[in-house]
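Just below is one structure, and these are the notes that go with it.
The values are calculated or read from the model by the stated rules, or taken from the named source; none is laboratory data. For clarity, every value in this text was computed on a predicted model and none was experimentally measured. Here Cβ is always computed from backbone atoms with ideal geometry, including for glycine, and neighbour counts include all displayed protein chains.
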Amino acid sequence: MLPRVLTTLTAAALFPLLAHAASEQRLPSEDGELIVNTVAQGLRQPWALAFLPGGTDMLVTERPGNLRIISADGKVGPAISGVPKVWYEGQGGLLDVVLSPSFPKDRTVYLSFAEVGDDGKAGTAVGRGQLSQDRTRLEHFTVIFRQTPKLSEGNHFGSRLVFDRDGFLFIALGENNQRATAQDLDKLQGKLVRILPDGEVPKDNPFVGQDNVKPQIWSFGHRNQQGAALNPWTGKIWTHEHGPRGGDEINIPQAGKNYGWPIATHGINYSGQPIPEAQGKHVEGMQDPHHVWEKSPGISGMAFYDNPTFTAWDHNLFIGALATEELIRLQLKGDKVVHEERMLSELKARIRDVRVGPDGYLYVLTDAKDGVLLKVGLDAR
């Protein structure tokens, strides 16, 4: 019994407000009190979630390679079979999950994950399979995209997935901690790519037909993109990425544009020295960030709030923060960020993902070996 007691004490020490899963916590916010409930706990480094239609059951990925269903009442299901083998090293593993836009008909689930090559280096891969009717397995799983070449030794896989209104699949990729590759158009590091649901390349992608250029590329010059979402009011894809030491940024990537990394950046090396390739914060011919943090929160996950449940959050954007252990709320006026609030800092938990549920609550995953799924609402003033 001693190991279990020690484990319980450790979890309580790390997450004092989450020690009792059944209890409701009330935390301060600018618009009233946040109502925070723990839906599930004991998750192994959860990375992403996607809501299944017809209720609030959700698919959740765990980085070691498990895909599970968590029910509306918090029951954590067994690992779903048929998930691809992943490279669980460093920042790698099983990463994002999204449903096909036509999931009620085709039951197709898309996963991104780290995949190792013959030389021991890895890259991001994306595949799809059909969730069985009994929801216990993925059937006919097929890889439809591979980041090439494979250069990661454990870092910067990026890996968010999002479908736009026209059914194109965007994949937000990291540069595998190989800075210069973000500018190399013959490589898929540090790129936002756009493909068809079966992995084929759209004929109107900006670099189609050019020699020595990967035709999947939509935009380039990105560092480590760990957030992507469809703006529900404009239909545009927004992404965000980690800077190095400083310079986390949000972008609204346009076709064929260069977003600067590592030539244009607001950050410096973790050592405190300048980025060797950097020429400044603003470089001619490169796109400035749509929004930038000079001090890095370590952003991950992104969700636009477009739901009538909590009107105070209307036209807000929520982003998780790993380094500063917060949930960031950005108030928008059109596309412009006009106000920022840091939330959930009392929990002292690394926020890996945030999504808006069909009930209008925020669902938040914490990045930990004993990770939790939180449900966050608002008792407005």
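Restrict the check to segment 238-249 and report whether at least one residue is closer than 25 Å to Lys333 by Cβ, assigned to a loop (DSSP other than H, G, I, E, B) and either touching a helix residue (DSSP H, G or I) at 6+ places or on another chain (Cβ under 8 Å) or of a type outside the set (Gly, Ala, Ser) (or both).
There is no residue in segment 238-249 that is closer than 25 Å to Lys333 by Cβ, assigned to a loop (DSSP other than H, G, I, E, B) and either touching a helix residue (DSSP H, G or I) at 6+ places or on another chain (Cβ under 8 Å) or of a type outside the set (Gly, Ala, Ser) (or both).
Look through Ala323, Ala349 and report the one residue that is within 28 Å of Leu59 (Cα to Cα), assigned to a loop (DSSP other than H, G, I, E, B) and in contact with a Lys or Arg (Cβ under 9 Å, 6 or more places away or on another chain).
Just a single option satisfies the conditions, and that option is Ala323.
Yes/no matrix, rows are residues, columns are (1) surrounded by fewer than 20 Cβ atoms within 10 Å (Cβ to Cβ); (2) assigned to a loop (DSSP other than H, G, I, E, B); (3) among the basic types (Lys, Arg); (4) at pLDDT 95 or above:
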position	(1), (2), (3), (4)
Gly167	yes, yes, no, yes
Ile171	no, no, no, yes
Asn176	no, yes, no, yes
Ala182	no, no, no, yes
Asp186	yes, yes, no, yes
Arg194	no, no, yes, yes
Asp198	yes, yes, no, yes
Pro202	yes, yes, no, yes
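Taking segment 130-164, which residues are without any contact (Cβ under 8 Å) to a residue 60 or more places away in the chain, within 20 Å of Asp57 (Cα to Cα) and part of a loop (DSSP other than H, G, I, E, B)?
The answer is Ser132, Gln133, Asp134, Thr136.
Could you grab me the full set of residues in segment 304-317 that are in contact (Cβ under 8 Å) with a residue 24 or more places away in the chain and either of a type in the set (D, E, K, R) or under 14 Å from Ser29 (Cα atoms) (or both)?
Asp306, Phe310, Ala312, Trp313, listed by residue number.
Looking at this structure, is Val356 surrounded by 14 or more Cβ atoms within 10 Å (Cβ to Cβ), within 15 Å of Asn37 (Cβ to Cβ) and at pLDDT 95 or above?
no
Determine whether Lys348 is under 30 Å from Leu27 (Cα atoms) and without any contact (Cβ under 8 Å) to a residue 12 or more places away in the chain. Full working, then the answer.
On the way: under 30 Å from Leu27 (Cα atoms): yes; without any contact (Cβ under 8 Å) to a residue 12 or more places away in the chain: no.
Considered against the rule, which asks whether it is under 30 Å from Leu27 (Cα atoms) and without any contact (Cβ under 8 Å) to a residue 12 or more places away in the chain, Lys348 comes out as no.
Just to be sure I understand, how many residues within segment 326-346 are of a type in the set (A, V, I, L, M, F, W, C), assigned to a strand (DSSP E or B) and closer than 20 Å to Gly298 by Cα?
So the answer is 5.
Could you check segment 109-129 and list, in sequence order, the residues that are in contact (Cβ under 8 Å) with a residue 60 or more places away in the chain and farther than 19 Å from Arg63 by Cβ?
Hit for segment 109-129 is Arg128, nothing else.
Give all pairs with beta carbons closer than 6 Å in which a residue from segment 57-74 that is of a type in the set (A, V, I, L, M) meets a residue that is modelled with pLDDT under 95; count only pairs at least 6 apart in sequence or on separate chains.
Matching pairs, first to second residue: Ala72/Gly55; Ala72/Thr56.
For residues that are among the β-branched types (Val, Ile, Thr), modelled with pLDDT of 95 or more and under 19 Å from Gly301 (Cβ atoms), tally how many sit in segment 46-81.
Of the residues in that region, 3 qualify.
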